[in-house]
Amino acid sequence: MPGTPSPSAAPSPTSSAATAAPATPSPAAGPPRLTRLAFHGPLSERRADALVRRLAANHPATVLDLGCGWAELLLRLLAAAPQATGTGVDLNGDDLGRARRAARDRGLAERVTFAEESAVGTRRGPADLVLCVGSSQALTTVEPPEHLPQALRALRELVTDEGRVLLGEGFWQRTPTPAELSGMWPEASAGDHTDLATLLDLAVEAGFRPEWTETATLEEWEEFESAYQADVEVWLARNPGHPLADETRARADRHRSQWMHYRGVLGLAYLTLVPVVR
């Protein structure tokens with residue numbers, strides 16, 4: 001979603017003991033990156049656990065994660081549904097490398113496949129459970145938010161009739177002011193997202209019924225955004241004269257300013273969607 005680091009996720013706040021975090025580099029190598037995140041988005045451990053329990057209770061045999069990133073949610077679902085196999089699709093080879101390491105560390109490597117490829121027109125479905133958290137834009141070449149009807153139709157084709165889709169999608173909690181938009185991501189506009197009601201209507205029009213509707217809390221957002229920046233902020237405090245400090249400081253300050261402009265305005269919905277039988 002524009003303006004936020006995406007998952008993945010998806011995308012997040014607190015690392016769990018099961019999460020394989022990358023090694024922290026020495027100060028000479030520059031700041032560490034994202035070692036405090038389990039999910040790459042505003043998703044708490046409590047909500048993640050509830051999502052996994054609910055989705056695994058449907059006993060999926062196949063799980064497809066589109067724009068999987070580190071595939072943290074996919075791996076947790078495979079652990080909770082031992083009968084299932086999974087496929088994660090993403091264009092970021094580094095993220096997929098982290099996902100593969102985590103799968104090996106958890107004994108899940110034989111049950112999951114990772115593909116470094118585009119999700120546009122993918123033929124890797126249908127699956128009993130499709131995860132698309134913060135990555136609906138990966139399903140189409142249409143620009144957001146006009147991409148949503150096409151992306152939702154693609155998801156309907158990728159899920160079995162008895163299956164489920166978990167969609168994580170940005171929405172406006174209220175219409176942003178011009179001042180707020182001016183401080184968000186480049187060229188941000190009120191048209192970048194729909195509201196929640198419109199998002200749900202689009203899902204219904206695409207052939208789904210919303211089984212469960214929930215949205216990230218302000219606490220989840222704050223935990224995610226803080227963890228997203230924390231490694232870099234500590235590194236900057238300890239290495240103010242490093243050759244990379246100026247550009248790193250500028251990047252961190254820019255991101256914090258953007259967050260302050262979309263804080264409480266940009267929301268993230270987690271929709272559990274049931275396909276209407278055709």
If you take the residues in the stretch 31-50 that are over 22 Å from THR113 (Cα atoms) and surrounded by 23 or more Cβ atoms within 10 Å (Cβ to Cβ), which one is farthest from the chain's Cα centre (by Cα)? LEU37
Those residues of the stretch 17-44 which are under 16 Å from GLU233 (Cα atoms), among the hydrophobic types (A, V, I, L, M, F, W, C) and at pLDDT below 90, in sequence order: ALA28, ALA29, LEU34
Would you please name the residue that is nearest to the chain's Cα centre (by Cα), looking only at residues in the stretch 208-220 that are within 18 Å of VAL165 (Cα to Cα) and not β-branched (Val, Ile, Thr)? ALA216
Answer with yes or no whether VAL277 is surrounded by fewer than 19 Cβ atoms within 10 Å (Cβ to Cβ), among the aliphatic types (A, V, I, L, M), more than 21 Å from the chain's Cα centre (by Cα) and assigned to a helix (DSSP H, G or I). no
Within the stretch 114-131, which residues are aliphatic (A, V, I, L, M) and farther than 17 Å from GLN150 by Cα? ALA115, ALA127, LEU129
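Conditions (1) at pLDDT below 95; (2) touching a Ser or Thr at 6+ places or on another chain (Cβ under 7 Å); (3) over 29 Å from ARG251 (Cβ atoms), marked per residue:
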{"residue": "SER135", "(1), (2), (3)": "no, yes, no"}
{"residue": "THR140", "(1), (2), (3)": "no, no, yes"}
{"residue": "GLU143", "(1), (2), (3)": "yes, no, no"}
{"residue": "GLU146", "(1), (2), (3)": "yes, no, yes"}
{"residue": "ARG153", "(1), (2), (3)": "no, no, yes"}
{"residue": "ARG156", "(1), (2), (3)": "no, no, yes"}
{"residue": "ASP161", "(1), (2), (3)": "no, no, yes"}
Could you tell me whether GLU205 is more than 16 Å from LEU129 (Cβ to Cβ), over 21 Å from the mean Cα position of the chain (by Cα) and crowded, with 18+ Cβ neighbours inside 10 Å? no
The stretch 154-175, residues that are touching a helix residue (DSSP H, G or I) at 6+ places or on another chain (Cβ under 9 Å) and open to solvent by 10 Å² or more (accessible area, probe 1.4 Å): ALA154, LEU158, ARG164, GLU169, PHE171, TRP172, GLN173, THR175
Out of the residues in the stretch 208-236 meeting the condition of being open to solvent by 30 Å² or more (accessible area, probe 1.4 Å) and in contact with a strand residue (DSSP E or B) (Cβ under 9 Å, 6 or more places away or on another chain), tell me which one is nearest to GLU157 (Cα to Cα). ARG209
Among the numbered criteria (1) at pLDDT 95 or above; (2) open to solvent by 10 Å² or more (accessible area, probe 1.4 Å); (3) assigned to a loop (DSSP other than H, G, I, E, B), which single criterion is violated by LEU73? (3)
Selection within the stretch 237-255 - closer than 21 Å to PRO186 by Cβ and surrounded by 15 or more Cβ atoms within 10 Å (Cβ to Cβ): THR248, ARG249, ALA252, HIS255
For the stretch 124-240, list the helices (runs of 4 or more DSSP H) that sit wholly inside it and hold at least 1 residues that are under 21 Å from GLU45 (Cα atoms) and of a type outside the set (Lys, Arg); which are they? 218-238
GLY107 fails exactly one of (1) at pLDDT below 95; (2) of a type in the set (Gly, Ala, Ser); (3) open to solvent by 50 Å² or more (accessible area, probe 1.4 Å); (4) assigned to a loop (DSSP other than H, G, I, E, B), namely (1)
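The values are calculated or read from the model by the stated rules, or taken from the named source; none is laboratory data. Predicted, not measured: the structure shown is a model, and the values here were computed from it. Glycine also receives a Cβ, built like all others from the backbone with ideal geometry; neighbour counts cover every protein chain displayed. Heads up: the accessible areas ignore ligands, DNA and RNA and are worked out on the full protein's heavy atoms, side chains in. Shrake-Rupley method; radii C 1.70, N 1.55, O 1.52, S 1.80 Å.
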